[in-house]
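Since the structure comes first, as structure tokens, the remarks are kept for the end.
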Amino acid sequence: MAKAKKKTTYDESKIKTLSSLAHIRLRTGMYIGRTGDGSQYDDGIYVLLKESLDNSVDEFIMGHGSVVDVNIKDGKVSVRDYGRGIPLGKIVDCVSKINTGAKYNDDVFQFSVGLNGVGMKAVNALSRSFLVRSCRGGKYADAKFVRGVKKKETKKGKAAKSERDGTLVEFEPDNEIFGDYKFLDDHVIRRLKFYAYLNAGFKLNYNGQIIEAKNGLLDLIKHESQFEKVYEPFHFRDKTLEITFTHTNRFNEQYFSFVNGQYTNDGGSHLSAFKEGLLKGVNEFSKKKFSGDDVREGVVGAVAIRIKDPVFESQTKNKLGNAEIRAPLVGQIKDVVVDLLHKDRRQAAKLIEKIEETQKLRNELLSVKKMARERSKTVSIRVPQLKDCKEHYDARAGAGLETEIFITEGQSAAGSLVSCRDAVRQAIFTLKGKPLNVCNLKRDAIYKNTELYNLMRALNIEESCGHLRYNKVVLATDADVDGLHIRNLMITMFLRFFEPLVREGHLYILETPLFKVRNKKQTIYCYSEAERDAAVVSIGRGNEITRFKGLGEISPGEFKGFIGDDMKLTPVTLEGEESIHEVISFYMGTNTQERRQYIMDNLIIDEEALV
């Protein structure tokens, strides 16, 4: 007999009022977005670092303190600026009471990011230990907190003669919220570089490494863009607006947008105004009517604005929502672009030539697209190589985050996947042998190649990677030489034509076991020779070793465990300062002799295998 459901009484006793800091701990996502363990750039621990730095940057903007010391060791963060210092009598309120701060006063802070009075309170609430110390005019005050709760009385007194004015913040993110986290140097340095790019003359001392940029956003475009530039970037800067842009020979556009020193990775009204102003400026200068697609293909640009009352769409400040600034900003940027092009007609000629070439190629591509679509209709209304799933990814709605598509080689591997997949959220696309190497080919290659065209249709990325149908695109190839070659060919295709898909973290590699070590009682799957050797020792006598030569040899029953909740995925990421185009060309291009010599110089011979 089924048990009766327990009735819940809804009365006054169920209504709770949380303190501000307790609410931050309970609803962390509202304040810092995702938590994460530090492996991703947008993980919460980096947001805590950003919130601690924002106040130091605001001090610099207002003319106080040109250096900030940032130290991170063993998960503990220290940020020390040399600005005016928090007023000593308000030091506790400024880090523990919501809606408390000087950013509401235009006389003190005119262009600030931290307008909501939340930032440092979130750092305090989400840290297992938190210290704030302020020094002003030879006096100091400091306060210590544990998970947002103040410990002991606030200390006040006379500062040492050598101690300069400014604020020190030390914190250790709470592992109850962030788990086994780790600050990665690459992510930290990238954030600090953005502060330097936006504030010429501002110097960040990170663990003894000096980070600064003398040319503002111009340095950002020169250092961050990983593609060869068609012409030297144009650059403009005044007190409230800074823009820079150039073109590359890739097919995608890339932008960096900032508001009051805050990196808005989701853009907003200022970024859309920059794109429209750039188009109008180019058309006015050239006396032509280029389309937005023709002007923006291959663009790498950056825009930074300073406004008094920024309205962000969330506390994490990833997107600006001030609609009223758009129209006047479009006009201002258009005039700036026209002026820049007139001042350097030689570079402007290269820009116009690039756009005209893009326009010509786009027109040629239209006929190729038409032929490809007609050809696909004669084959099938649906993509013949796709086993679709029921749910799909929608980035704007935040739906389908669990959806995945496996790109696999051959029918045998696809058969194992099809029989054990979750049909609600896991799709499969089957390659028929090795795909085309598109390293040095133009965009029309995708339309002329049936397999790549069908893959593009399956992913729904023809017009924009923003329409991607699956959150994770997983390369599921064999671990042999042919499988690795196919994997590299697919990565080349995505980087060549659909780079945003990789840059935004959608491309993954499926890690499947190379060996199975078992006896009658135990089975261990091993992903490397070292794991195999350890498993042999662990199981002891009577073990049996199976080497999986391909995915097709793994039974559906076994495969289900490898694509379930414990699936091992390695993200394909873009890192380092090297040019993506140069790296792809070297490894996947036609420089056979050069590559052959590199292989010979770096070849490692397994002497044991020769015995």
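Worth a mention:
- Computed over protein heavy atoms with a 1.4 Å probe, the carbon and sulfur contribution to the accessible area of the chain reaches 49%.
- Note that region 203-210 has calculated 3J(HN,Hα) couplings of 10, 10, 9, 9, 6, x, 9, 7 Hz, one per residue in order, obtained from phi through the Karplus relation 6.51 cos²θ - 1.76 cosθ + 1.60 (θ = phi - 60°); glycine and proline are x.
- Net charge dipole size for the chain [Lys, Arg +1 and Asp, Glu -1 on Cβ; Debye, nearest 20]: 1820
- Whichever lysines have a C-alpha closer than 21 Å to that of Lys350, once near sequence neighbours (fewer than 8 apart) are set aside: Lys222, Lys229, Lys275, Lys280, Lys287, Lys288, Lys289, Lys334, Lys360, Lys442
- FRET efficiency for the Ala349 to Lys76 pair, using the beta carbon distance and R₀ = 35 Å, is estimated at 0.05.
- Cross-linked pairs Lys50/Lys76; Lys76/Lys182; Lys472/Lys549; Lys50/Lys193: Cα-Cα separations exceed 18 Å for Lys472/Lys549.
- Annotation: amide H of His235 has no partner in the under-5 Å range at sequence separation 5 or more or interchain, hydrogens built in the peptide plane.
- An oblate overall shape is assigned to the chain, the ratio a/c of its alpha-carbon gyration tensor axes (a ≥ b ≥ c) being 1.5 or greater and a/b not exceeding b/c.
- For Met30 and Asp335, the FRET efficiency from 1/(1 + (r/R0)^6), where r spans their Cβ atoms and R0 equals 51 Å, is about 0.80.
- Annotation: aspartates and glutamates with alpha-carbon distance below 16 angstrom to Lys156 (same-chain offsets under eight excluded): Asp93, Asp142, Asp165.
- Cβ-derived FRET efficiency at R0 35 Å, Val536 paired with Asp601, nearest 0.05: 0.50
- Cα-based shape type of region 242-286, given that a ≥ b ≥ c are square roots of the gyration tensor eigenvalues and the cut on a/c is 1.5: oblate
- Sparsely packed GluC sites (Glu not before Pro) within region 545-575, loop by DSSP, other Cβ within 10 Å at most 12: Glu575
- The label point for Asp309 and the one for Glu402, both projected 7 Å from the Cα toward the Cβ, are 4.4 nm apart.
- With all protein chains kept in place, the per residue accessible area of the chain amounts to 52 square angstrom at a probe of 1.4 angstrom.
- Residues of type aspartates and glutamates that Lys203 reaches as a straight line, Cα spacing below 16 Å, ignoring anything fewer than 8 places off in the same chain: Asp54, Asp58, Glu59, Asp69, Asp81, Glu212, Asp219
- Value of [θ]222 nm, deg cm²/dmol, for the chain, DSSP H segments ≥ 4, -39500 (n - 2.57) each, nearest 500: -11500 deg cm²/dmol
- Nonlocal amide H pairs with Asn318, under 5 Å, H built at 1.01 Å: Glu313
- His223 - accessible surface, heavy atoms, 1.4 Å probe, Å² rounded to 10: 90
The values are calculated or read from the model by the stated rules, or taken from the named source; none is laboratory data. Keep in mind it's a predicted model, so treat the numbers as computed, not measured. With ideal geometry, Cβ positions are generated from the backbone for all residues, glycine too; neighbour counts draw on all protein chains shown. When the accessible area is computed, the model is the full protein with side chains, heavy atoms only, and any ligands, DNA or RNA have been set aside. Shrake-Rupley method; radii C 1.70, N 1.55, O 1.52, S 1.80 Å.
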